[in-house]
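Here is the structure we will look at.
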Amino acid sequence: MDRHLVTQKIISAKVKNKMTWAGIAANFDQSIEWVTAALLGQMTLNAKQAVIAQELFALTDEETAWLQIVPYKGSLPTPVPTDPLIYRWYEIVSVYGTTIK
């Protein structure tokens, strides 16, 4: 078991149960953006938030524990993204990142 497998289980449950990120986020005391990022493996949930996720997605205790571990951030599977939309964001950061900073 690892965090990636827990993320896949969450996505599968979301699709199977026809859930929306907005509907899921309504159960947490956080923004839709934060909740989505957290459940996609990019944030650490506290114990209370992990229990909410456990109930929503029928997670085991071990899977719930993974939600409370600091993740390895960066969700792109390749150094340069191949998805057209994500690539455009990557390009913007590459070109304008130092200017924005």
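The values are calculated or read from the model by the stated rules, or taken from the named source; none is laboratory data. Because the structure is a prediction, the values reported are computed rather than measured. Note: accessible area is taken over every heavy atom of the protein model, side chains too, but ligands, DNA and RNA are not part of it. Shrake-Rupley method; radii C 1.70, N 1.55, O 1.52, S 1.80 Å.
A compact table of results
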{"item": "Too-long pairs where the Cα-Cα distance tops 31 Å, listed order kept, from 9/101; 48/73; 14/101; 18/101; 48/101", "result": "9/101; 14/101; 18/101; 48/101"}
{"item": "Contact order normalised by residue count of segment 1-69, Cα under 8 Å, 6+ apart, percent", "result": "37 percent"}
{"item": "Structure-derived percent of Cα pairs over 22 Å apart: which label, when the choices are [x] 42; [y] 37; [z] 22", "result": "[y]"}
{"item": "Full-extension gain in nm, residue 70 to residue 30, via 0.36 nm per residue minus C-alpha separation", "result": "12.6 nm"}
{"item": "Portion, in percent, of the accessible area of the chain that falls on carbon or sulfur, probe 1.4 Å", "result": "61 percent"}
{"item": "Mean accessible surface per residue for the chain, computed with a 1.4 Å probe while every protein chain stays in place, in Å²", "result": "69 Å²"}
{"item": "Contour excess over end-to-end distance, with Cα ends at residue 86 and residue 16 and 0.36 nm allotted per residue", "result": "22.7 nm"}
{"item": "Potential extension, residue 2-residue 40 segment - 0.36 nm per residue separation minus Cα distance", "result": "12.4 nm"}
